[in-house]
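**Q** Got a structure for you, questions after.
Readers should treat all values here as calculations from the given coordinates under stated rules, not as data from a laboratory. Since the model is a prediction, treat every value here as computed from it, not as a measurement. Reconstructed Cβ throughout: ideal geometry from the backbone, glycine too, with neighbour counts over all protein chains shown.
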Amino acid sequence: MIKTIHRFSSGYIVVVSAFFIIMVSFGLYGTFGIFFKPLLDDFHWTRAMTSGAYSLSMILHGVLALGIVGIILAALLRPTKRLAAPGA
């Protein structure tokens, strides 16, 4: 029986870091209602201005996410150049 040695890969650090960054990001978006009153007081904005800023943020988040996903898919699905070897 062949024993395999599992080595620690830096890929695990990337995955765990991305998980925590996404978790904090969605946590901040989800808790907007909790920070609504402090934002009004700190920036001296009206309720409409504060809600508009949040709405603009969500719209930009969605549009940019679609663009980034499109770029990634275009890079992954692009045809690769291959060398044709006659007789092979």
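**Q** Which of the helices in the chain meet the span-like rule: DSSP H, Cα axial reach of 15 Å or more, Kyte-Doolittle mean at least 1.0?
**A** Span-like helices in the chain: 10-30, 47-77.
**Q** Then there's this: Given a Förster distance of 41 Å, report the FRET efficiency between R78 and D42 from their Cβ-Cβ distance, rounded to the nearest 0.05. The partial results should precede the final answer.
**A** Values: r = 47 Å, r/R0 = 1.14.
Taking R0 as 41 Å, the efficiency between R78 and D42 is 0.30.
**Q** While we're looking at this one, here's another question. Fewest Cβ neighbours within 10 Å first, please rank K37, K3 accordingly. Each step should come with its number before you reach the end.
**A** Details: K37 11, K3 4.
Ascending number of Cβ neighbours within 10 Å: K3, K37.
**Q** Where does the chain land at 222 nm, in deg cm²/dmol rounded to the nearest 500, when only DSSP H runs of n ≥ 4 count, each adding -39500 (n - 2.57), divided by all residues?
**A** Dividing the helical sum by the residues of the chain leaves -23500 deg cm²/dmol.
**Q** Consider the candidate values (i) 56, 30, 22; (ii) 45, 21, 20; (iii) 74, 42, 16; state which one is Cα extents along the principal axes in Å computed from the structure displayed.
**A** (iii)
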